[in-house]
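Below: the structure, in C-alpha cells.
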C-alpha cells in the first residue's frame, strides 16, 4: 500500500455502518459468548476505554481464582511488563498463562486471553504472546490457531487502514513507523504496515505475505461469512491484522470471531484498548466530573507526577506550568547515578510535597526532561536505571503523610509503579475516564490512600493543553 495515502479522503470515501441489523447481530453473538476475558496489561493505561471493571496488580493463584468467580465477564491483570527485562517478561507471562489455564479447568470456565499493548506498537512483542502460546499449548495439549493484532484506539487517534497503522498528530495522520514512538530506544521499529511489522518483529519467522488481513471493505459490507471463513483458515499461530476506524468495525469483526471460537478455533490477541471495550461489551460513559472525583471536604491540594519523556508529555508539562496556584518541583532524576545523592533528593521532594499539599496548594513533581543517555549498546542498562528512577518516584508517594485530594501520574511505567508500590493498590475499580483515553482508578480500602481518585495519564495521549485542562477542571 502507498503510505502517502490521503487518510482523510480515504476515511470520507468509506460508507459508515448503516445496517440496522448490526446492533441486533452483535447482541445475539455476545449473548452466546461465555468466555471469561482476561486482559494482561503491560502498563496501567489499558483500561482507558472501560469502566466498572476490576484491575488486579498481582497474579497469585488466589487472585486469579477470585477474578474468575466475579460476576463481571472481564478483568485486567496489570503486569507492567513494559518496564521488565525480556527474561522477567517471559517468566511472568508463562506463570500467568499456566495459572489461567489451570483455574479455567478447575472452574470449567473457558477464557479469552488478551495481551493489551501500546497503540503505537511499543512493547515486548512478540515475546509476550509467544510465551503465552507455548505455556497454553504445554498445559492444554491443544494448539493455538492464531494471533490477532488490533492496535486501533479511537480516543488516541490510532487507525489501521489496508493493514497500515496510522497515528493522528494534530490534523495529520502519520504512519506509525515514522513517529517518535518508532524511535523508542528499547522497543523501536521501522514498519508501519502491520504485515511488515510482524515480519520485522518476528525476525522473519512469519512472512508479511502470509499475514491475513481483515479489510475495512469487508467490515463495512458486514461480510461476516467471509471474515469467519478467513479466521477458520488460520493455523500454526498464523497472524491476523484487523483494519479499524470505528468501534463498529470491531463489532462486525467480533461477531465473526465469536462464531469462529464457537466452531473450535483458539486465538491469542495483541491489541490496544478499543478491542477490550468492544469484546467486553462495555457501554460508553460520559467523562467523569469534578463532583464525581473530588471529595468536597478535602482541603488538601492535588498531586501531579510526570515521569514520561515523550515529546508530547514535555509539551503538556510546559503548558501545565503556566497555571497559577500550582507549586512546581523538578526532581533531579539524573542523580540515579549517585545513590546517596538520590536519597537526599528524594527526602527533599517528600518534605516539600507534604508541606504544599497540606497547605491546599496542588503540586506537580516532574523528572528531568533530558534523557539519561549512556550511549549505544547500553539500552538494557538504561532500562534498569529507568526502573531505579521509577522506584525513587514511588518512594516519594509511599512516604507522604498528607493525602492529596486527587493524584495524576503521567506515563505508563510511572503510573504503574506509583499505583502498585507507592499507593499499595491490590485491586482497583475503574471509575471511567476524565478525558478521552485517560482512565481513573478508585483505590481500594487497603491502599495507602483509600478511595483516592487516581488518574492514569498515558504519555502518548492528549493534545498540548489536555493535562492543564484536567488539572484546572478538578483543582
Study note, to complete from the structure: Between the alpha carbon centres of region 92-168 and region 212-226 the gap in Å comes to 22 Å
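Can you tell me, using C-alpha contacts under 8 Å and at least 6 residues apart, the relative contact order of region 291-474 as a whole percent?
Details: 329 pairs, mean separation 53.9, N = 184.
Taking the mean separation of contacting Cα pairs over the length of region 291-474, I get 29 percent.
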Point to revise | For region 379-475: rounded, prolate or oblate by the Cα gyration tensor [a/c cutoff 1.5] | key: oblate
Review point. What is the chain by shape, rounded, prolate or oblate, if you read a ≥ b ≥ c off the alpha carbon gyration tensor as root eigenvalues and call it rounded for a/c under 1.5, prolate for a/b larger than b/c, and oblate otherwise?
Key: prolate
Revision key, fill the gap. The helix 247-262 Cα axis meets the longest alpha-carbon principal axis of the chain at an angle in degrees, between 0 and 90 and rounded to 10, of 60 degrees
Review point. For region 72-214, what relative contact order do you get, as a whole percent, if you take Cα pairs closer than 8 Å and at least 6 residues apart?
Key: 17 percent
Point to revise | Rounded Å value of the spacing that divides the Cα centres of region 244-264 and region 277-319 | key: 31 Å
Point to revise | Extension gain from residue 91 to residue 262, taking 0.36 nm per residue of separation minus the Cα-Cα distance | key: 58.5 nm
Review point. What relative contact order, as a whole-number percentage, does the chain give when Cα pairs under 8 Å and 6 or more residues apart are counted?
Key: 19 percent
**Study point:** Helix 86-107 vs. the chain, principal-axis angle (Cα, 0 to 90°, nearest 10)
**Key:** 60 degrees
Point to revise | Within region 97-126: backbone nitrogen closer than 18 Å to the residue 62 label point (7 Å, Cα to C-beta) | key: 99-100, 103
Exercise for review: Mind checking the full-extension length gain between residue 388 and residue 369? Use 0.36 nm per residue of separation minus the Cα-Cα distance, one decimal, nm.
Suggested key: 5.2 nm
Review point. What FRET efficiency comes out for the pair residue 178/residue 327, r = Cβ-Cβ distance, R0 = 51 Å, nearest 0.05?
Key: 0.85
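Stretched out fully, how many nm does the piece from residue 403 to residue 105 gain, at 0.36 nm a residue minus the Cα gap?
So the extension gain works out to 103.0 nm.
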Point to revise | Degrees separating the helix 311-320 axis from the principal Cα axis of the chain, which is the longest one | key: 40 degrees
Check your understanding: What ranking do 408-417, 454-463, 326-335 get when scored by the average of other Cβ atoms within 10 Å per residue, highest first?
Key -> 408-417, 454-463, 326-335
Check your understanding: Simple spin-label model, 7 Å along Cα-to-Cβ: residue 347 to residue 71 in nm?
Key -> 5.1 nm
Check your understanding: Using a simple spin-label model with points 7 Å from Cα along the Cα→Cβ vector, what separation in nm is obtained for residue 381 and residue 185?
Key -> 1.1 nm
Practice item. Based on the mean of other Cβ atoms within 10 Å per residue, sort peptides 228-238, 143-153, 269-279, 465-475 so the most packed one is first. Key: 269-279, 143-153, 465-475, 228-238
Practice item. Along Cα→Cβ, 7 Å out, is where each label goes; now give me the distance between the ones at residue 232 and residue 429 in nm to one decimal. Key: 4.4 nm
Exercise for review: Would you mind getting me the FRET efficiency between residue 12 and residue 287? Use the beta-carbon distance for r and R0 = 22 Å, nearest 0.05.
Suggested key: 0.25
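No value in this document is a laboratory result; all are computed from the given coordinates. The structure displayed is predicted, hence computed values, not measured ones. When we count neighbours, we look across all protein chains shown, and the Cβ atoms used for this are built from the backbone with ideal geometry, even at glycine.
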